[in-house]
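The values are calculated or read from the model by the stated rules, or taken from the named source; none is laboratory data. Only a predicted model underlies this, so the values are computations on that prediction, with no experimental measurement involved. We place every Cβ from the backbone using ideal geometry, glycine too, and count neighbours over all the protein chains shown. The area values use the complete protein model at the heavy-atom level, side chains included, leaving out ligands, DNA and RNA. Shrake-Rupley method; radii C 1.70, N 1.55, O 1.52, S 1.80 Å.
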Amino acid sequence: MKFLDEAKVYIRSGDGGAGAVSFRREKFIEFGGPDGGDGGRGGDVWVEALNGLNTLIDFRFQQHFKAGTGIHGMGRNRTGAGGDHVTLKVPVGTQIFEEDGETLIIDMITEGQRFRIAAGGNGGFGNAHFKSATNQAPSWANPGLEGEEKTIWLRLKLIADAGLVGLPNAGKSTFLATCTRARPKIANYPFTTLHPNLGVATIDGREFILADIPGLIEGAHEGVGLGDRFLGHVERTRVLLHLVSGQEEDVAKAYKTVKHELEAYGGELTDKPEIVALSQVDTLDPTELKKKQKALAKASGTTPFLLSAIVGTGMTETLRALRDIIVTAQTAGSDDAGSAD
């Protein structure tokens, strides 16, 4: 399945049905009076978040969604049926924007969440509605109101607990494949990962979701390489795991390059807790390892973990460190929600 995280969609809710102009024509009833029914309400356009989806690929093949029109009213005071509703089914984490792409309508962050983005038009009143003491036989009815139409943007930001960042070939996909059941493409060339991948990691009986995004290079915020468009998928994470390959000649420069791109992107990514790890350490001799560990520690201001996903070095310690930060953040979040209540 192809990955698509942005789609432009046209939606239109249904028009309301027109009210009816009708008069009773029954034997032995001399002055029957009006009996025109009201029109039915037009269908609404809804958006619903589903947990089984992780891409907006369905909206590549269908970009127009129109709800049903309300049925017109009929004689004998019969009200027309309402128009059929239309529901856009999107992955959890999808944001709905106005046509300008900046005005947020709703952020779908909960499974099963539903939101009406376009209301159907009301049905018109039939002539029975206008009967009064001074007008016993009104000969007019209301037309139904028109529905709403608009163009919206769907933008997916995956919901994960931890995000993997780093230069291309930093070992992010190998890390994800080793600790989860995800099977990202792994190869010895830059930009093997072309779209985000998700996996569920388990450590000491606790699960959390990892997101691996395509590697960043210098100038990514200006569109160099694959750019920084996929950084939105780690905006919701609670912690970032910054991997720096031990095969880099200058690990400090590699760290600072990615850090600069995170700062240029914004989105409060630099404010998130960060765990730094020197990956692919199985390729280094002890002297070189010590040298690069010291350089990375100086650049990052923290003691980096030493990782080798192939050999298994440091995997348990790193996963536990990620888990501890995630659990702390979840606990703080639940406490804040409780105090707000």
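Overview of results
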read-out: Qualifying positions in segment 19-78 - aliphatic (A, V, I, L, M) and open to solvent by 30 Å² or more (accessible area, probe 1.4 Å); value: V21, I29, L50, L53, I71, M74
read-out: Criterion (modelled with pLDDT of 95 or more, under 22 Å from the mean Cα position of the chain (by Cα) and of a type in the set (S, T, Y)) met by exactly one of T87, T69, T110, T55; value: T87
read-out: Segment 90-107: number of residues that are open to solvent by 80 Å² or more (accessible area, probe 1.4 Å) and either more than 16 Å from the chain's Cα centre (by Cα) or under 16 Å from F65 (Cα atoms) (or both); value: 2
read-out: Residue satisfying condition, being charged (D, E, K, R), in contact with an Asp or Glu (Cβ under 9 Å, 6 or more places away or on another chain) and closer than 30 Å to T313 by Cβ, within set K157, K150, K172; value: K172
read-out: G70 being more than 25 Å from D15 (Cβ to Cβ) and not in a strand (DSSP E or B); value: no
read-out: Looking only at segment 11-25, and only at residues there that are among the basic types (K, R) and over 32 Å from the mean Cα position of the chain (by Cα), the one that is nearest to G73 (Cα to Cα); value: R24
read-out: Among the residues listed as L269, L278, L296, the single one being within 30 Å of T110 (Cα to Cα) and without any contact (Cβ under 8 Å) to a residue 60 or more places away in the chain; value: L269
read-out: Residue count, segment 38-52 (criterion: at pLDDT below 95 and part of a loop (DSSP other than H, G, I, E, B)); value: 2
read-out: Count - residues of segment 73-102 that are under 30 Å from H233 (Cβ atoms), among the aliphatic types (A, V, I, L, M) and not in a loop (DSSP other than H, G, I, E, B); value: 4
read-out: Strands (runs of 3 or more DSSP E) enclosed by segment 103-178 - at least 1 residues per element that are without any contact (Cβ under 8 Å) to a residue 12 or more places away in the chain; value: 104-108
read-out: Pairs where the first residue, in segment 20-44, is within 30 Å of K150 (Cα to Cα) and the second is open to solvent by 10 Å² or more (accessible area, probe 1.4 Å) and of a type in the set (D, E, K, R), C-beta under 7 Å, 6+ apart; value: G42/D15; G43/D84; D44/R116
read-out: Top-ranked residue of segment 194-226 - restricted to ones that are open to solvent by 20 Å² or more (accessible area, probe 1.4 Å) and touching a strand residue (DSSP E or B) at 6+ places or on another chain (Cβ under 7 Å), ranked as farthest from L56 (Cα to Cα); value: E207
read-out: Residue identified as farther than 25 Å from D228 by Cα, of a type outside the set (A, V, I, L, M, F, W, C) and either touching a Gly at 6+ places or on another chain (Cβ under 9 Å) or open to solvent by 70 Å² or more (accessible area, probe 1.4 Å) (or both) among E317, E268, E261; value: E317
